[in-house]
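Below is one structure, written out as structure tokens; comments come after it.
The values are calculated or read from the model by the stated rules, or taken from the named source; none is laboratory data. These figures come from a predicted structure and were not determined experimentally. In this analysis, Cβ positions are derived from the backbone assuming ideal geometry, glycine residues included, and neighbour counts consider all displayed protein chains. Heavy atoms of the whole protein, side chains included, go into the accessibility calculation; ligands, DNA and RNA do not. Shrake-Rupley method; radii C 1.70, N 1.55, O 1.52, S 1.80 Å.
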Amino acid sequence: MSLTISPVKDDQGLIIGVSKIARDITELIQAEGNSAMLSAIVSYSDDAIISKDLDSIVTSWNRSAERLFGYSAAEMIGQSIVKLIPSDRRQEEPEIIAKLKIGERVDHFETKRVTKGGILLDVSLTISPLIDQTGKVIGISKIARDITDKKLEEQRKNDFIAIVSHELKTPLTSMRSYVQLALLKAQERNDTFSISVLNRADNQTHKMTTMIRDFLNLSRLEEGKMSLNRSDFPLMKLMDEVVADSITVAPNHIIKYKPCANAMINADYEKLSQVLINLIGNAIKYSPDDSTVTVACKVESDYVCFMVSDQGYGIAAADQARLFERFYRVTDARQHQVTGFGIGLYLVSEVLKLHGSEIKVQSELEKGSTFSFSLPVVN
């Protein structure tokens with residue numbers, strides 16, 4: 001639970017205590033007694049604390065809300081909260097209200113809001129329903145936190161990643177071409193030592209190329225510049241190509257391929273190829289040598305289901321819930337030797353969302369994992 005700790009002051013400005021504001025203030029607002037202390041806690045919190053009714057009309061507005069958004073309590077109480085929402089995000093309010101009406105809460109929802117001066121702020125919202133003694137939702141409490149600096153820092157980091165990745169991409173592509181050319185010459189001479197060394201070099205440059213591609217895609221995704229170049233293509237062409245590449249770069253694993261009935265799908269060929277390459281690459285990384293990685297597809301009715309299974313370490317239930325978060329990596333002592341930045345599965349998830357699909361995982365510790373997703377077949 002995240003806490004905001006603030007001094008509690010009286011009307012003369014003297015500190016009379018310390019408050020801890022939890023993410024969910026519903027219990028505090030509904031609690032009986034200690035009304036003066038509660039009022040001071042809400043009033044002097046460093047986070048903007050706002051309440052509103054189910055029609056989005058503001059009913060309370062603390063001092064931090066005044067500082068953050070520029071409107072005084074007198075200007076906002078009785079007004080619609082929509083006043084703060086940019087025109088291109090107006091649909092967020094009814095969607096949030098619908099969730100809260102059935103008793104759900106919204107945690108750390110990152111969005112944008114407009115100040116009185118017209119400045120666009122990045123904010124994180126934690127929103128909870130206010131429930132009376134009969135269990136009826138009677139209002140809404142909201143904690144708003146300014147995350148503009150955090151977003152600017154993320155943007156600087158993304159810009160740096162994009163520049164470095166772009167600068168590395170061209171020389172690395174040339175390097176791999178030279179390695180492959182030298183490998184062909186070594187094979188012509190039947191130079192077994194050079195063939196072994198150059199195969200290793202080729203595999204490492206392939207890994208670096210994949211890593212740089214992922215960083216570039218991450219940067220495009222964060223900037224909202226990733227789009228799909230959709231086309232109709234045969235399913236088996238994609239599967240055959242991806243599996244052939246995987247067998248080449250994973251000589252220490254058994255790649256078991258289970259093709260399905262051929263069908264046409266409409267998708268971004270390159271990005272879907274990257275999704276499968278990332279899933280197969282992860283299966284290889286997180287399973288022991290000589291184990292089997294199974295790549296399969298199955299056409300059912302109007303959909304084709306893609307599946308990648310391994311015989312690796314497995315993933316705990318707690319980690320499965322966060323597996324597709326950006327930069328998240330499973331902390332397991334057995335996997336300390338596995339390199340990575342925790343962006344592969346995040347990109348898989350986001351690319352599939354662009355395709356209107358979602359990635360699913362089934363896993364059991366010590367028994368391996370299966371990742372799957374479905375796409376519609378073109379009739």
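At a glance:
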read-out	value
Percent RCO, i.e. relative contact order, over region 226-278, from Cα pairs under 8 Å lying at least 6 residues apart	58 percent
Computed FRET value (nearest 0.05) for GLU364 with PHE233, which takes r as the C-beta separation and R₀ as 25 Å	0.10
Extension gain from THR292 to ILE131, taking 0.36 nm per residue of separation minus the Cα-Cα distance	52.7 nm
Theoretical gain in end-to-end length, ILE138 to LYS207 [0.36 nm per residue, Cα-Cα removed]	19.3 nm
Accessible solvent surface per residue of region 170-295, calculated while the other protein chains remain in place, 1.4 angstrom probe, Å²	54 Å²
Among the listed pairs LYS169/LYS353; LYS237/LYS367; LYS101/LYS142, those beyond 20 Å (Cα-Cα)	LYS169/LYS353; LYS237/LYS367
Added length on full extension, which subtracts the Cα-Cα distance from 0.36 nm per residue, GLN155 to CYS305	50.4 nm
Convex hull (Cα only) mean projected area of region 274-379, reported in nm² to one decimal	6.9 nm²
Relative contact order for region 155-251, counting Cα pairs under 8 Å that sit 6 or more residues apart, in percent	36 percent
Net charge of Cβ neighbours under 11 Å - reference HIS253; Lys, Arg +1; Asp, Glu -1	-1
Relative contact order, percent, region 259-379 [alpha-carbon distance under 8 Å, six or more residues apart]	34 percent
Inter-label distance for THR173 and ASP88, nm, one decimal - labels placed 7 Å from Cα along Cα-to-Cβ	3.0 nm
Under the Karplus curve 6.51 cos²θ - 1.76 cosθ + 1.60, θ = phi - 60°, whole-Hz ³J(HN,Hα) for region 107-120, x wherever Gly or Pro sits	9, 6, 7, 8, 8, 10, 9, 10, 7, 4, x, x, 7, 8
Unit charges at the beta carbon, dipole of region 80-124: most positive-side option, LEU84, VAL106, VAL123	LEU84
Accessible surface of region 163-314 [probe 1.4 Å, protein heavy atoms]: carbon and sulfur percent	55 percent
